[in-house]
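Working notes, structure below.
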Amino acid sequence: MENNNKFDQTKHTVETQSPESQLPLMQPPPVEPEDAPQQPRIVIYAILVALLILILVGGSIYVLAHPNTDTAKVRDIFIIFMALESLLIGFALVILMVQLARLINLMQNEIKPILDSTQDTLGHLRGTTVFLSENLVEPVIKLNEYMAGFSQLLQVIGFGKKVKRTKTSKGE
């Protein structure tokens, strides 16, 4: 007996997988060195600069501790320290100005468009509420007014149901 099927059933096998193997694996992408944050490198540089300043201060104190050091040298070293301090303050001001420029850029390019789109959305919402008020709520209210007037007219003529009014607790 010859097999007339176009598929050879011996070549095709069905592989069953466990439910755990069918789930996609969620792994975070590997962090490459150039994508790593630069903050540790900046901290290392800041520590090195602080150590260099401490060495300079220690060396100047050592030189000033000698008995034959005159006040002119002390004055000159003090002027040098003031110059270094002014350079440090200038550097801090430059960093502050760059941060301020980045903040202004953020405000203009990201926050302002968000606020503009929010205002546009509120304008559309106001328009929608005015539209609904004019085209849905007012006609319904007018219809209720006309129906109430028509029912009062029918009651006065005698065709409508008379509504029994209940007395309130004040006796009105």
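The values are calculated or read from the model by the stated rules, or taken from the named source; none is laboratory data. Everything numeric here is computed off the predicted structure, so don't read it as measured data. Every residue, glycine among them, receives a Cβ derived from its backbone with ideal geometry; neighbour counts consider all protein chains shown.
Scanning the stretch 71-80 for residues that are at pLDDT 85 or above and closer than 14 Å to VAL57 by Cβ returns a single hit, ILE80.
Rundown of residues vs (1) exposed (fewer than 10 other Cβ atoms within 10 Å of the Cβ); (2) at pLDDT 90 or above, yes/no style:
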position	(1), (2)
LEU51	no, yes
ALA65	yes, no
THR128	no, yes
VAL137	no, no
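Remark: pairs (first residue in the stretch 152-163, aromatic (Phe, Trp, Tyr); second residue modelled with pLDDT under 80 and loosely packed, with under 10 Cβ neighbours inside 10 Å; Cβ separation under 8 Å; 6+ apart in sequence or on different chains) are absent.
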